[in-house]
Structure formats: C-alpha cells, structure tokens
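K.L.:
There's a structure below that I have some questions on.
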Amino acid sequence: MHPTHTPFLLYSDGNGNIFEDETLYAVGRAGWDAFEVDLDNWIPLPDGGNMYELPGRRGVGIDVLTGEMRLCEKGWAVAAFVPPAHTGLFLAAYESLEEAPTLPLFCYTAAGWYNQQFYVTATRIEKDIRQECSGYNDEKIATGAEQLIANYPHNRLVKHLMDNCCNTYNCPAARNFALSRWECPVPASPACNANCIGCVSFQPVEEEITSPQDRLNFKPTVEEIVEFTVPHLMNAPYPIISFGQGCEGEPLLMWEVLRDSIKEIRKHTSRGSININTNGSKPDAVKALIEAGLSSIRVSTNSARTEIYTPYYRPNNYQFDDILESLKVANELGAWSSINYFVFPGMTDSEAEYEALRTLIRTTGLKMIQWRNFNIDPDWYLGLLNISDTGNMLGVKQMQELIKEEFPHLKFGYFNPPMERIKGNFEADFAGGFAQ
Ligand code: SF4
C-alpha cells in the first residue's frame, strides 16, 4: 500500500481542476518547515477524503532531477482532508502569497499523485467504522429523521438534531442517530467559557472565516434529553449518548441539567455509555456528573502545555490546570478518560510537547488518546500563537510509537469507545462495527 517512490506534487488551476507535476516530488510540512517524507508515511487517500485547492499559495516540492526544493509556479497548492479514523502525519507544504486568504476550518494534510491515484501522509488510528462514508444510506437517513421528528413532535432537541445537524450540516453522529445506531449526539449548551481561535460553532464577525455550524440557541430540558436518549441506549447496537457537540458551547455550563438527566436515564436503563465531550473546565461539575452515572469523559486540547493551550483557548474563569484536574477526577472515580488531541505536525510531535504529554498521561491516569486532525489554517494558527520556531520534532508516527511503547495500557483511536470496548477486549473486532 505504501508507494515505491515519493508521489508527485499536485497543483490546481484555480478552477477546481487538479493536476500532477511530474517534475516535482511532493513533500510534507511540520511547523514552518518542509521535509521529504518517508515512503511508509504515504497511503492512498481513504474513502471519504477530499482534495482542496489552496488559493494564494504555491506548493513546495523536490525537483526530480536536481533534488533541490523549489516552488511549483504552475498553479495553486493542493491539500487533502483525510477522513475520520485517520491521523494526518504532515501538513501540505506551500508558500503563501501576500494576498492569500485565511483558509476555512478544515485540516490540510500533505497529498501527492502516485500510480494513478491520490496519496496522503496519514495513518489509520481507529478500527471503528462508525463514520465510514460508505456506511451511510441517504434514503434510510431521511426516513429515520422523519420518523424521529414524528415520534417526538414537541422535542426541540430532536428537531435541532434532525433539521440542522442531520439534514443541513450532514453531521455523521446525527446521521447515525437517524439510523438508530452507535453514538447519539446530545448538544445542550448555548454558551461557552472559552474563546477558541478555531471554534467550530462561533466565530466573531470581524474574523475572515466563518464557523461551519451555528451554536444551539436554547437550553434543553431534562425531559427533552431523557425522552430520546433512553430508547437509543436501550435499542441501538454499541450505544453511546454524547453531550458536547460541534453545534454548541461548553456542556459543563449546563451540568445541573445533565446531572438530573443522567440520573433519570439510569432509572430506565443501565445499558450503554453516557459520555461528555468537554473543555474540562469545571472539575467539580465533572465529579457530580460521574457520581450521577456518567461513564466517560473526553477533554479537548490542542496541547499538553499551558503556554500553548491558553493563547488558543483564551479561557474565561478557568485555567489549564482545571482540565488536568477533570481528568484526574475521572480516573479517581473510575470513569473512562480520553483527550481529544488536536494533531498539528511540528507542534504535537515537538520534543517539548512529547515531554509534556508523557507527564499528562502519567499524572492523570489517562485511558485513551484520540489523535484528531486539527481543522485550522496552519499559518493563521502559528501566527496568532506567535510561534516562529516549533523546535526539534520527532515525527507524528514516531511519537505515537514512543507513547505506545512507554504506556502499553493507553488506547489510541479517534472516537469515544462503546461500553463493550471499555469493559471488554478493547482491541476485539465487534461484528458490524469495526474495520475487519
Ligand atoms: S470550547 Fe468548544 S464551544 Fe467553546 S470556544 Fe472552544 S471550540 Fe468553541
């Protein structure tokens, strides 16, 4: 599956047409620098991936004759969006022209052309197939959405999930709910106590980019939450309900409603996992939720270092140490704990970050790392964090191997695991739910 020579660079004509340039081999970017990429880091573009042209940017490649690095002047640079369950190992390498617009909130992974197909620098990190695009049947989803709205005619949350998330944003989690399977999203909070630079549910009007989703504009009640989550937990295969979605603020700001919902849900069923995706800002609220019956917590972070976390999250009334405390509380109370780790090649695999991550794992009793692609314009991110040099780097793949070696109990993935994996054999192949 790995190529026998480096793929050729890709460029676009600015009208959405992409071409290979056989005078240049593709390279990868980490931090601010371009690198030749080892052949075992390249894989065919997985199903569900997309290609992007990057306006106002010239691709960087290695001249196939001279071996020199130079720009491709034939068109705009090109990058790939690698689908869920895969971690990008290098960013697309390019030089931005003065007038280059800020790129929208997607990940921009290095891509190339080899043997008549697109290749990307990525690795499959998750066996679970819950968001494989081949697993979605639009007709069944439309029928399922209609049925759910008919079943819960007065439920604002079901209406939001079906009208907005499923039928407008094509949210994979909401589409799985419409198909009555696996992880069901439960957004709950219209507000947030952080101001992330790359927030996907709110972007200030003065910003050049827009948020891909609008933030929830109402506070659901306990009754609205319980009404559809109990049947999902009782009937769906490998059921999970997850508070904390891309279309809301911070769910811990609604902890009392979530606590009462969890208590009520657990009166009806003990099946499945009740998870929260959160910024981890309120450890006391996390404690109360776990005592009420919460099974699992996933804390999002761009770094294990406070000096990288704080300028990105721009927190209100909490600090980096609070998110560490939330992970510790989860471990002490026996809940499953993960980090939603935004992978940025050059930053994530820097020696400083590697050391900080080792300390975080050791001091919090972390159970799982979800190695997620950071959906953000690389120049914009590094510029706003004032980072001119990312330091020595290990390579994302090498870093994953080192962490795995030192912490063999620690699980790697991309999605919140169902109870069957948390309590059972994590690596086992569950029929119908995992890549064979
Ligand atoms: S924590 Fe989430 S909702 Fe809040 S600002 Fe950050 S990305 Fe947005």
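K.L.:
Can you list the strands (runs of 3 or more DSSP E) lying wholly within the stretch 25-81 that have 3 or more residues being among the small types (Gly, Ala, Ser) and touching a residue at least 12 places away in the same chain (Cβ under 8 Å)?
P.N.:
Working: elements: 28-30, 33-35, 42-44, 50-54, 57-63, 69-71, 76-81.
The strands (runs of 3 or more DSSP E) meeting that bar are 76-81.
K.L.:
Could you tell me which residue of the stretch 120-158 is farthest from Val226 (Cα to Cα), considering only residues that are open to solvent by less than 50 Å² (accessible area, probe 1.4 Å) and small (Gly, Ala, Ser)?
P.N.:
Ala122
K.L.:
Failed condition for Thr229, given (1) part of a helix (DSSP H, G or I); (2) within 20 Å of Ser273 (Cβ to Cβ); (3) open to solvent by 50 Å² or more (accessible area, probe 1.4 Å); (4) among the polar types (S, T, N, Q), with all others met?
P.N.:
Looking at each condition in turn, Thr229 falls short on (3).
K.L.:
With respect to Cys171, is the statement that it is open to solvent by less than 10 Å² (accessible area, probe 1.4 Å), within 16 Å of the ligand (Cβ to nearest atom) and closer than 19 Å to Phe415 by Cα true? Write out each step before concluding.
P.N.:
Numbers: open to solvent by less than 10 Å² (accessible area, probe 1.4 Å): no; within 16 Å of the ligand (Cβ to nearest atom): yes; closer than 19 Å to Phe415 by Cα: yes.
So Cys171 fails the test.
K.L.:
Looking at Glu264, Glu223 in this structure, which one is free of Cβ contacts under 8 Å to residues at least 12 places away in the same chain, out of contact with any Pro (no Cβ under 7 Å at 6 or more places or on another chain) and open to solvent by 10 Å² or more (accessible area, probe 1.4 Å)?
P.N.:
Numbers: Glu264 fails: free of Cβ contacts under 8 Å to residues at least 12 places away in the same chain.
The match here is Glu223.
K.L.:
Would you pick out the residues in the stretch 190-202 that are closer than 23 Å to Pro220 by Cα and more than 8 Å from the ligand (Cβ to nearest atom)? Step through it out loud before you land on a result.
P.N.:
Narrowing the stretch 190-202 to residues closer than 23 Å to Pro220 by Cα: 190-195, 199-202.
Within the stretch 190-202, Pro190, Ala191 qualify.
K.L.:
Okay, next question. Which of the residues that make up the stretch 300-321 are within 18 Å of Ile369 (Cα to Cα) and in contact with a Ser or Thr (Cβ under 6 Å, 6 or more places away or on another chain)?
P.N.:
Answer for the stretch 300-321, where residues must be within 18 Å of Ile369 (Cα to Cα) and in contact with a Ser or Thr (Cβ under 6 Å, 6 or more places away or on another chain): Tyr309, Phe320.
K.L.:
Just to be sure, is Leu289 more than 19 Å from the chain's Cα centre (by Cα), open to solvent by less than 60 Å² (accessible area, probe 1.4 Å) and assigned by TED's automatic domain parsing to the domain that holds Asn375? Walk me through how you get there before you give the answer.
P.N.:
Working: more than 19 Å from the chain's Cα centre (by Cα): yes; open to solvent by less than 60 Å² (accessible area, probe 1.4 Å): yes; assigned by TED's automatic domain parsing to the domain that holds Asn375: yes.
For Leu289, the condition - more than 19 Å from the chain's Cα centre (by Cα), open to solvent by less than 60 Å² (accessible area, probe 1.4 Å) and assigned by TED's automatic domain parsing to the domain that holds Asn375 - is met.
This table checks each residue for (1) touching a strand residue (DSSP E or B) at 6+ places or on another chain (Cβ under 8 Å); (2) under 29 Å from Asn316 (Cα atoms); (3) more than 16 Å from the ligand (Cβ to nearest atom); (4) not in a helix (DSSP H, G or I).
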| site | (1), (2), (3), (4) |
| --- | --- |
| Thr121 | yes, no, yes, yes |
| Gln147 | no, no, yes, no |
| Pro185 | yes, yes, no, yes |
| Glu223 | no, no, yes, no |
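K.L.:
Kindly indicate whether Leu216 is under 23 Å from the mean Cα position of the chain (by Cα), part of a loop (DSSP other than H, G, I, E, B) and either under 16 Å from Leu294 (Cα atoms) or touching a residue at least 24 places away in the same chain (Cβ under 8 Å) (or both). Walk me through it before giving the result.
P.N.:
On the way: under 23 Å from the mean Cα position of the chain (by Cα): yes; part of a loop (DSSP other than H, G, I, E, B): yes; either under 16 Å from Leu294 (Cα atoms) or touching a residue at least 24 places away in the same chain (Cβ under 8 Å) (or both): yes.
When the stated conditions are applied, Leu216 passes them.
K.L.:
Which residue out of Pro3, Pro46, Pro84, Pro104 is within 28 Å of Ser201 (Cβ to Cβ) and in contact with a helix residue (DSSP H, G or I) (Cβ under 8 Å, 6 or more places away or on another chain)? Talk me through it step by step, then tell me what you get.
P.N.:
Numbers: Pro3 fails: within 28 Å of Ser201 (Cβ to Cβ); Pro46 fails: in contact with a helix residue (DSSP H, G or I) (Cβ under 8 Å, 6 or more places away or on another chain); Pro104 fails: in contact with a helix residue (DSSP H, G or I) (Cβ under 8 Å, 6 or more places away or on another chain).
Just one listed residue meets the conditions, Pro84.
K.L.:
If you check every pair at least six apart or on different chains, which have Cβ atoms under 8 Å apart with a residue in the stretch 237-253 that is in the same structural domain as Ser295 (by TED's automatic domain parsing) first and a residue that is near the ligand (Cβ under 9 Å from one of its atoms) and among the charged types (D, E, K, R) second?
P.N.:
Matching pairs, first to second residue: Gly244/Glu250; Cys247/Arg215; Glu248/Arg215; Gly249/Arg215.
K.L.:
Just to verify a result, which residue in the stretch 232-246, among those that are within 10 Å of the ligand (Cβ to nearest atom) and buried (at least 22 other Cβ atoms within 10 Å of the Cβ), is nearest to Ala174 (Cα to Cα)? Talk me through it step by step, then tell me what you get.
P.N.:
To start, the set of residues in the stretch 232-246 that are within 10 Å of the ligand (Cβ to nearest atom) comprises 244-246.
After this cut, where a residue has to be buried (at least 22 other Cβ atoms within 10 Å of the Cβ) as well, the list is 244-245.
On the way: Gly244: 13, Gln245: 10 Å.
The qualifying residue nearest to Ala174 (Cα to Cα) is Gln245.
The values are calculated or read from the model by the stated rules, or taken from the named source; none is laboratory data. Please read all numbers here as calculations on a predicted model, not as lab measurements. Neighbour counts are summed over all protein chains in view; Cβ atoms, including those assigned to glycine, are modelled from backbone coordinates with ideal geometry. Quick note on the areas: whole protein, heavy atoms, side chains included, nothing else; ligands and nucleic acids left out. Shrake-Rupley method; radii C 1.70, N 1.55, O 1.52, S 1.80 Å.
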